[in-house]
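Participant: This structure is in structure tokens; I'll ask about it shortly.
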Amino acid sequence: MPSIQISKRTYTRLQNQAQPFDDTPDSVIGRLLDRFENDHGSEAPSAERDRERARAQVGTILPEKEYWIPILQVLDDRGGRAPSVEAIDRVGELMKDRLLDADREEISTGETRWRNRTQFARLRMKERGLLASDSPRGIWEITDKGRTYLDENG
């Protein structure tokens, strides 16, 4: 099997795209290449086409940004940090009355859509400095910027 060298930064970016316990670096790179090829006219594998078909239509699910305040509230309530599974579960409890039918559907990975979207929201929040990017794996942690955002928008 061929091997490649990648920078620590690239490896961290790959980790941010991974589904815990499911993905390997190879599966993440493969999925990203499938998306790239699909976006640029190449024939994507049938599994990727099936996933694309299963995507929810705009307006049938909550916007990803709707998850931000609940995520920040959960972390703030827990003293600033929490294990990801606990944080996701609590976000679901806080949002249960707002989730739409499509948010409750199972996606191709077998995960419930809202749980997956909570994880993607967390990634976007890390990119914007609302959540710590250097927390231990599996731990979500609010930053000072995240607390300010919560105070101003919560």
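Participant: Please go through region 68-90 and give me each residue that is within 17 Å of Arg147 (Cβ to Cβ) and in a helix (DSSP H, G or I), ordered by number.
Facilitator: Trp68, Ile69, Pro70, Ile71, Leu72, Gln73, Val74, Leu75, Asp76, Asp77, Ala87
Participant: Just give me the residues in region 100-146 being touching a Gly at 6+ places or on another chain (Cβ under 8 Å) and over 24 Å from Arg9 (Cα atoms), in sequence order.
Facilitator: The answer is Trp114, Arg115.
Participant: Can you name the residue in region 109-141 that is surrounded by 14 or more Cβ atoms within 10 Å (Cβ to Cβ) and of a type in the set (Gly, Ala, Ser) and is also nearest to Ser27 (Cα to Cα) among such residues?
Facilitator: In this case the residue turns out to be Ala121.
Participant: Would you mention how many residues in region 91-103 are surrounded by 14 or more Cβ atoms within 10 Å (Cβ to Cβ), in a helix (DSSP H, G or I) and modelled with pLDDT under 95?
Facilitator: Total satisfying the criteria: 2.
The values are calculated or read from the model by the stated rules, or taken from the named source; none is laboratory data. It should be emphasised that the depicted structure is a prediction, and the values quoted were computed from it without experimental measurement. Heads up, the Cβs are rebuilt from the backbone with ideal geometry, glycines too, and the neighbour counts pull from every protein chain shown.
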